[in-house]
There are 2 protein chains.
Amino acid sequence: MAATPLFRRIDVAPAYQKVADAIEREIINGRIKPGEPIGTEQQLVEQFGVNRSTVREGIRVLEEGGLIRRDSSRRLQACLPRYNKLATRLSRALILHEVTFRELFEASMTLEVASVEGAVERATDENIRELADNLARSAEVVGNPAVLAELDAEFHVLMAKASQNRVLQLAREPAAQLFFPTTEMIVGGVPEGGARLVEAHRHLLEAIKRRDKAAGVLWTRRHLQDWRRGFEKIASLDRSVEHTYMEHAYAARQ
Amino acid sequence: MAATPLFRRIDVAPAYQKVADAIEREIINGRIKPGEPIGTEQQLVEQFGVNRSTVREGIRVLEEGGLIRRDSSRRLQACLPRYNKLATRLSRALILHEVTFRELFEASMTLEVASVEGAVERATDENIRELADNLARSAEVVGNPAVLAELDAEFHVLMAKASQNRVLQLAREPAAQLFFPTTEMIVGGVPEGGARLVEAHRHLLEAIKRRDKAAGVLWTRRHLQDWRRGFEKIASLDRSVEHTYMEHAYAARQ
DNA sequence: CTTATGAGTTTGTCCGACAAAGCTAGATTT
DNA sequence: AAATCTAGCTTTGTCGGACAAACTCATAAG
């Protein structure tokens, strides 16, 4: 195919990219720890020997990637990428790829079941307290679809947290961000929808408390099936997640 | 808590952020479709009424987010975010959060099982051809851990693709990117490791062809358990994914 | 019809500048 | 002496202009 390589490929990445890569490398391999300062733009200018505009473009790249942020006084520092922010990007990608609600439902079924299994096995007292608190608040707003939907999303986040598996936590988040905004429509559109939702959460919490995995899985399945039936009343599962629908998932980012 | 709000919060986001947000919004809600041009920097300068440096910083943000890219002639255009690129960022986040191999293993078990179930149900002839092709190539390099590990990763990507579920495809990718680089070490360190791996893939492909879900799940479990046993010979599952380990996952990005 | 050429665009980078906001430390007041 | 104020220094966000390299496109030359 290729002729014998006499020279190595020349690195032609633009300077701002190299700046970003250099800083990123230091953070990834741990030489700069989260929370530690990166230095001022002027210092970076001197260290890299490029113009401040170039440094700033590199900084934007890292900032968007969640690797660095500016503290209260706008000074640069390394930080731990927030799942939430990354998940938003992923949700965005899923929308642009026009995934269907069926795909979303199927994947969520898998991920939520895994999540509850982990929670049943490993939930701490603190986790259970948080879930119970969420449940109590939910019970008070059964008639308010908007608030209830938000609490539902939170409940599932807490369950994922209780699974003590951060990979799972991260993996379920993008789907959940697209999945749960519809909850409001569904709970609002189905009589008894709110009550059924809270009932399911109650059984889930009970299952976690009793370390009863079978019950946890069963009620997760029912809970999601409820969502599915509700959704099918207002739309087709094979419809793709709409662009306009993004408005919801979007407002939440603020 | 707060006093009655007399005025709404003033928007103080920096200009480059607003530029990025404005373009992003147009893409997300579909007014600019993937592949369509955004315009030159000069045009954006005129439209937004800000300096070119400011526009460029905004562009960097979107570029890193995968929403826009430059075509062959470096002109800006909207594009579909690539799973692969996003997954790399997630993997990076997982490393910085120091997730353990146990978390990785548990999540992967769930995701790969779901993946194979989907593949058994919905794999197309084309999917099966790709898997068979991968298997044939794997069989030829049983003795070469480096190449075999790469083909193993590809096999699982193909299986996720065969599941026809893009949400799942996306969800499994970050974990896989961290999970599979160790395959080389394991296959290289365990006698018969390569042969067992290829054998598992063969059974998986058979299961998909026969639409035999039970067999598919069984062999996925075995396959991953093999990995786990191999891993435990060289390290502890409770060790966190190391920073230095990133070198592998990192080089692959190029 | 293909190739070469050359003008015009566009990007990547650099330089210098300035207002606004934050920080620091000396000066002032109680 | 402790608290407060003030003025200067730093840093960021934005701007304007500039230029070389790479690319586009249309026209001229073979």
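The rows are residues; the columns are (1) open to solvent by 30 Å² or more (accessible area, probe 1.4 Å); (2) more than 10 Å from chain B (Cβ to nearest Cβ); (3) part of a loop (DSSP other than H, G, I, E, B); (4) under 17 Å from residue B:62 (Cα atoms).
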site	(1), (2), (3), (4)
A:42	yes, yes, no, no
A:45	no, yes, no, no
A:59	no, no, no, yes
A:69	yes, yes, no, yes
A:72	yes, yes, yes, no
For this session: Can you confirm whether segment B:78-89 contains a residue that is within 13 Å of DNA strand C (Cβ to nearest atom), open to solvent by 10 Å² or more (accessible area, probe 1.4 Å) and more than 10 Å from chain A (Cβ to nearest Cβ)?
Result: no
Problem set entry | Qualifying residue in segment A:232-251 (condition: farther than 28 Å from residue B:33 by Cα, modelled with pLDDT under 95 and more than 14 Å from chain B (Cβ to nearest Cβ)) | yes
For this session: With respect to residue A:96, determine if the residue is within 24 Å of the chain's Cα centre (by Cα), surrounded by 16 or more Cβ atoms within 10 Å (Cβ to Cβ) and within 15 Å of DNA strand C (Cβ to nearest atom).
Result: no
Exercise. Between residues in segment B:53-82 that are β-branched (Val, Ile, Thr) and residues that are assigned to a strand (DSSP E or B), which pairs lie under 6 Å by C-beta distance while being six or more apart or on different chains?
Worked result: B:68/B:76; B:68/B:78
Exercise. Where residues in segment A:21-40 are of a type in the set (Lys, Arg) and not in a helix (DSSP H, G or I), which of them is surrounded by the fewest Cβ atoms within 10 Å (Cβ to Cβ)?
Worked result: A:31
For this session: Name the residue, out of A:50, A:19, A:61, that is near DNA strand C (Cβ under 8 Å from one of its atoms) and not assigned by TED's automatic domain parsing to the domain that holds residue A:175.
Result: A:50
Problem set entry | Odd one out for residue A:103, checked against (1) within 16 Å of DNA strand D (Cβ to nearest atom); (2) at pLDDT 90 or above | (1)
Exercise. Could you count how many residues in segment B:47-57 are more than 14 Å from chain A (Cβ to nearest Cβ) and in a helix (DSSP H, G or I)?
Worked result: 2
Problem set entry | Count of segment B:97-143 residues which are under 19 Å from residue B:212 (Cα atoms), away from chain A (no Cβ under 14 Å) and not charged (D, E, K, R) | 7
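The values are calculated or read from the model by the stated rules, or taken from the named source; none is laboratory data. What you see is a predicted model, and the numbers here were worked out from it, not measured in a lab. No Cβ is skipped: glycine too gets one built from the backbone with ideal geometry, and neighbour counts run over all protein chains shown. Please note that ligands, DNA and RNA were not included when accessible areas were found on the heavy atoms of the full protein model with its side chains. Shrake-Rupley method; radii C 1.70, N 1.55, O 1.52, S 1.80 Å.
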